[in-house]
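Reading through the structure tokens given below for one structure.
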Amino acid sequence: MVPTMVESVDMMLKRWKDAGTKEKDVHEEFLTMTSEVISKIVFGSNYEEGKQIFQKQGALIGLAAKQLSKIRLPGFGLSIQDIIDECRTFYIAGHGTISILLTWATLLLGIHTEWQEKAREEVQQVFGNQNPSSEGIPRLKKMSMIINETLRLYPPGISTTRKVQKETHVGDLVLPPNLNLQIPALPFHQDRGTWGEDAHLFKPERFSEGVANVVNSNPGAFLPFGYGPRICVGNNFAINESKITLSMILQHYRFTLSPNYVHAPYQHITLRPKSGVQIIFQAL
Ligand code: HEM
């Protein structure tokens, strides 16, 4: 997967170079790039083909006889429809969230340029001018701290849901069966009792000893990928793709937030910027 990710980021950086413009809406750029990656990995195709596959799937589902969707693959208990649904889930879950994480991380590094420099130094130590490799990715400690702090302040999957199976007592509350619960990440991520009075500030050093060290007394304090048996299955995929993308950008550009940017995060399933994030890039 790493070479596929590197190839897609490389294509994005070539587009940037050819376009020659310094200011970019990185949300748009990352959306195209992450769609490219997931299309190649799930379908072995590119972004345009991936889009077409979904349009064709719509028609296919309409045409598919009920009989077809009832065919079950031996040993797996999955129907053709189940497999189509799984591919769709991976396609949708597998790029929107990563592009949002990358967008917020770039915004924060565009403001906190001292952290941008620290991250660039680390990337140069680990990869030099070479493309990121799977052996080097786990050595990017500062990058992990930056990504975790971004996920804490701007969790793309802003809330998750659970359904109560049997009557449950939580403190004085009695939760009846079948109650749907919405579990928002932000109040936990910005709780001053857990994170301190500066909980609202970007301070990646909180994670210098890893996530477990910060949340060991309360595993629910940091929920960017959810929690328990239904935790996000794309967790490592997302972190790897984010580290690769940020590393390659840092190898080629120094960047700052544009004065044209208007801060307007809003929740539309995920936590995204309403009018994009405009960043000014300077080639190194
Ligand atoms: C930064 C990127 C991502 C974030 C923030 C994120 C966040 C989440 C969250 C909060 C959940 C709910 C977990 C729970 O209820 O406990 C979830 C579930 C899920 N995610 Fe992600 N996700 C990301 C990337 C991905 C990627 C790249 C994929 C696939 C390639 C993916 C596939 C899934 C799937 C299939 C589920 C449902 C798991 C289940 O119900 O068992 N996600 N994700």
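For the chain, what is the calculated [θ] at 222 nm in deg cm²/dmol (nearest 500), taking -39500 (n - 2.57) for each run of four or more DSSP H residues and dividing by its residue count? -16000 deg cm²/dmol, from helical runs alone. Do any trypsin sites (Lys or Arg not before Pro) in segment 220-284 lie in a DSSP loop with no more than 12 other beta carbon atoms within 10 Å, and if so, which? Answer by residue number: Lys274. Once label points are set 7 Å from the Cα along Cα→Cβ at both Val170 and Glu135, what is their separation, rounded to one decimal in nm? Label-label distance for Val170 and Glu135, simple model: 4.7 nm. From the alpha carbon centroid of segment 247-284 to that of segment 149-172 is 28 Å. Note on segment 153-256: Kirkwood radius taken over Cα pairs, Stokes-Einstein applied at 25 °C and 0.890 mPa s, translational D equal to 150 µm² s⁻¹. Highest mobility in the GNM of the chain, judged by mean-square fluctuation with C-alpha springs under 10 Å and restricted to Glu209, Glu167, Glu122, is found for Glu167.
Place a point 7 Å from the Cα of Cys87 along the Cα-to-Cβ direction; which residues of segment 227-259 have their backbone N under 20 Å from it? Flagged as within label range: 234. Applying 1/(1 + (r/R0)^6) with r as the Cβ-Cβ distance of Gln282 and Met1 and R0 = 30 angstrom yields a FRET efficiency of 0.50. Based on protein heavy atoms only, segment 128-224 ends up with 58 Å² per residue of surface accessible to a 1.4 Å probe. Amide H to amide H, with H built 1.01 Å from N, Ile183 comes under 5 Å of Thr160, Thr161, Arg162, counting only residues 5 or more places away or on other chains. Taking all Cα-Cα distances within the chain, those exceeding 30 Å account for 37%.
For the chain, the carbon plus sulfur part of the accessible surface works out to 55%, probe radius 1.4 Å.
With a simple spin-label model that places each label point 7 Å from the Cα along the Cα-to-Cβ direction, the separation between Asn235 and Asn218 comes to 2.0 nm.
With Cβ to Cβ distances under 11 Å as the rule, what net charge do the other residues near Lys203 carry (K, R +1; D, E -1)? Neighbour charge sum, excluding Lys203 itself: -1. The phi-based Karplus calculation (6.51 cos²θ - 1.76 cosθ + 1.60; θ = phi - 60°) puts the 3J(HN,Hα) values of segment 30-43 at 6, 5, 5, 5, 6, 5, 4, 5, 5, 5, 5, 6, 7, 10 Hz, whole numbers, x for Gly and Pro. Between Lys24, Lys118, Lys166, the GNM of the chain built on Cα springs shorter than 10 angstrom shows Lys166 fluctuating the most.
The values are calculated or read from the model by the stated rules, or taken from the named source; none is laboratory data. Owing to the predicted nature of the structure, the values given are computational and were not obtained by experimental measurement. Methodologically, a virtual Cβ is constructed for each residue, glycine included, from the backbone with ideal geometry; neighbour enumeration extends over all protein chains shown. Note: accessible area is taken over every heavy atom of the protein model, side chains too, but ligands, DNA and RNA are not part of it. Shrake-Rupley method; radii C 1.70, N 1.55, O 1.52, S 1.80 Å.
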